[in-house]
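**Q** Here's a structure for you.
The values are calculated or read from the model by the stated rules, or taken from the named source; none is laboratory data. Since we're looking at a predicted model, the values are computed, not measured. Because the Cβ atoms are built from the backbone with ideal geometry, glycine has one as well, and the counts that use them run over all protein chains shown.
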Amino acid sequence: MGRMTERRPVEPPASRWMLPHPEDADSDGIVAIGGDLEPGTLLAAYRRALFPMPYGRRHVAWFSPDPRAIIPLDGLRVSRSLRRSIRRFEVRQDERFAEVMVRCGNPRRPGGWINPRFVKAYERLHRLGWAHSVECLDDDGQLVGGLYGVRIDGLFAGESMFHTASDASKVALVALVDWLNDTDGRLLDVQWMTSHLASLGAVTISRDEYLDQLAEALQP
């Protein structure tokens, strides 16, 4: 993967909202409903172990699930077939962020939730240097897989991934983990556990353990 141009992210104005504590979450992991998707609000939320998803047509819900799924940076499972797939794609970073996000938000995908409001909000974070994408291209230069998320110090909060070619999203994940290991990454958050993530080495930890790891990851 071509090395991303290293630049210090720009800190936006602080959020005007007082975010609740993650332990205020209900049984669905929802901590609060409302607020906005301004860059300062998003960064404050990730620093507080929260992440947003749409709630109804107009609102935003803030989640802190317990347990929380993470991928240990020394625990990614790379099968023999996946190692072969790595050679099939060209991997880039931060070149097609908006396109990756839109593809992740394809409404025909099961559970698709990434709407234009979220794309616009995370594009702003990307321009400020906080949100990143990893892209997989085929031999024709077509985007066939990728992922995106938010990097704050040693935290990478993975948001979503997609693929239209076999193993393309997994290859993007391998590249992401390599980048994090090369740049003092300490915590790869993947929110909720799925069988797909479990097959790649994801594990679940308690909210208290996540808060401990997050605090360590956010140390400069």
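**Q** Take the residues of the range 188-209 that are among the hydrophobic types (A, V, I, L, M, F, W, C) and not in a strand (DSSP E or B): which is farthest from ARG77 (Cα to Cα)?
**A** First, pick out the residues of the range 188-209 that are among the hydrophobic types (A, V, I, L, M, F, W, C): 188, 190, 192-193, 197-198, 200, 202-203, 205.
Filter once more, so that each one left must be not in a strand (DSSP E or B): 192-193, 197-198, 200, 202.
Details: TRP192: 18, MET193: 15, LEU197: 10, ALA198: 9, LEU200: 5, ALA202: 9 Å.
Among residues in the range 188-209 that are among the hydrophobic types (A, V, I, L, M, F, W, C) and not in a strand (DSSP E or B), the one farthest from ARG77 (Cα to Cα) is TRP192.
**Q** Could you run through the range 41-57 and say how many residues are crowded, with 20+ Cβ neighbours inside 10 Å, of a type outside the set (A, V, I, L, M, F, W, C) and touching a residue at least 40 places away in the same chain (Cβ under 8 Å)?
**A** 2
**Q** Quick check on ILE152: is it surrounded by 20 or more Cβ atoms within 10 Å (Cβ to Cβ), closer than 30 Å to GLY40 by Cβ and among the β-branched types (Val, Ile, Thr)?
**A** no
**Q** Taking the range 10-36 on its own, how many of its residues are over 20 Å from ARG58 (Cβ atoms) and of a type in the set (Val, Ile, Thr)?
**A** Residues meeting the conditions: 1.
**Q** Which one is farthest from GLN191 (Cα to Cα), of the residues in the range 18-33 that are out of contact with any strand residue (DSSP E or B) (no Cβ under 6 Å at 6 or more places or on another chain) and part of a loop (DSSP other than H, G, I, E, B)?
**A** Among them, the one singled out is MET18.
**Q** Can we say GLY185 is within 14 Å of the chain's Cα centre (by Cα), surrounded by 19 or more Cβ atoms within 10 Å (Cβ to Cβ) and in a loop (DSSP other than H, G, I, E, B)?
**A** Here the answer is yes, as GLY185 does meet what is asked.
**Q** I've got another one for you. For ARG84, which of the numbered conditions (1) in contact with a Pro (Cβ under 8 Å, 6 or more places away or on another chain); (2) at pLDDT below 95 fails to hold?
**A** Of the numbered conditions (1) in contact with a Pro (Cβ under 8 Å, 6 or more places away or on another chain); (2) at pLDDT below 95, the odd one out for ARG84 is (1).
**Q** Further question: Any residue in the range 127-138 that is closer than 25 Å to LEU200 by Cα and free of Cβ contacts under 8 Å to residues at least 24 places away in the same chain?
**A** no
**Q** Of the residues that sit in the range 61-86 and are among the small types (Gly, Ala, Ser) and within 19 Å of GLU159 (Cβ to Cβ), which one is nearest to the chain's Cα centre (by Cα)?
**A** Among those residues, the one meeting the criterion is ALA69.
**Q** If you scan the range 58-103, which residues turn out to be out of contact with any Asp or Glu (no Cβ under 9 Å at 6 or more places or on another chain), among the aliphatic types (A, V, I, L, M) and surrounded by fewer than 16 Cβ atoms within 10 Å (Cβ to Cβ)?
**A** Within the range 58-103, just VAL102 meets the criteria.
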